[in-house]
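Novice: Structure incoming, see below.
Values quoted throughout were computed directly from the atomic coordinates according to the rules given, and no laboratory measurement underlies them. Being a predicted model, the structure only gives us computed values, none of them experimental. Ideal geometry is used to build each Cβ from the backbone, glycine not excepted, and the neighbour counts take in all protein chains shown.
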Amino acid sequence: MDRAQSILRENGLKATKGRLEVLKLFIGAGRPIAQKEIMAMARLKLDRASVYRVLNAFLEAGIIHKAYMDGRHAVFELPDSCGEDHCHPHFSCRGCGATTCLKGMKVYSEGSPGKGFTMERQKVLIEGLCPRCSS
Ligand SMILES: [Zn+2]
Ligand SMILES: [Zn+2]
């Protein structure tokens, strides 16, 4: 059984063709991807609504999480290197627009956000130039 199938099974989701396809894209990409990229990359023909349903099922099961927002669109990834109290920040290059997971950095949630605030997820986006664009 491959990794995509075992992830679905562990999370109690049926391994439909669409779910397997999308999950394999996430595993292969190794970086955060947006819904429109998923549709462009998928070998199966997946319409917007089915990609949306697959992403929602994955989000509910905790298989993926929202890495950050790109304008009005969420970008998703596997929470590979994230723990209960920390996640990695993302780096957005203003030269080429590429976004990279900074897995060597950890962002900790420490301290209290204040009375009445419920923290759900942190999305830290660092902007600058990637190695290619800065040389
Ligand atoms: Zn760049
Ligand atoms: Zn990431």
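Novice: Looking at LEU46, is it away from ligand 2 (no atom under 16 Å from the Cβ), assigned to a helix (DSSP H, G or I) and surrounded by 14 or more Cβ atoms within 10 Å (Cβ to Cβ)? It would help to see each step written out before you state the result.
Specialist: Details: away from ligand 2 (no atom under 16 Å from the Cβ): yes; assigned to a helix (DSSP H, G or I): no; surrounded by 14 or more Cβ atoms within 10 Å (Cβ to Cβ): yes.
Answer is no for this residue.
Novice: Which of the residues that make up segment 87-135 are loosely packed, with under 12 Cβ neighbours inside 10 Å and under 13 Å from ARG31 (Cβ atoms)?
Specialist: Within segment 87-135, just GLY97 meets the criteria.
Novice: Which one is nearest to ASP80 (Cα to Cα), of the residues in segment 3-13 that are touching a residue at least 12 places away in the same chain (Cβ under 8 Å) and exposed (fewer than 15 other Cβ atoms within 10 Å of the Cβ)? Let's see the steps before the verdict.
Specialist: If we filter segment 3-13 for residues that are touching a residue at least 12 places away in the same chain (Cβ under 8 Å), which is where we start, we get 3-5, 7-8, 11-13.
Applying the additional criterion that residues be exposed (fewer than 15 other Cβ atoms within 10 Å of the Cβ) yields 3, 5, 11-12.
Working: ARG3: 13, GLN5: 16, ASN11: 15, GLY12: 19 Å.
Taking the candidates together, the pick is ARG3.
Novice: Select from segment 14-26 the residues that are in contact with an Asp or Glu (Cβ under 9 Å, 6 or more places away or on another chain) and either β-branched (Val, Ile, Thr) or under 18 Å from ASP80 (Cβ atoms) (or both) and list them in ascending order.
Specialist: Residues of segment 14-26 in contact with an Asp or Glu (Cβ under 9 Å, 6 or more places away or on another chain): 20, 24-26.
LYS24, LEU25, PHE26 - these are the residues of segment 14-26 that are in contact with an Asp or Glu (Cβ under 9 Å, 6 or more places away or on another chain) and either β-branched (Val, Ile, Thr) or under 18 Å from ASP80 (Cβ atoms) (or both).
Novice: Only one of these conditions is not met by ARG31: (1) over 20 Å from ASN11 (Cβ atoms); (2) of a type in the set (Lys, Arg); (3) more than 16 Å from ligand 2 (Cβ to nearest atom). Which number is it?
Specialist: (3)
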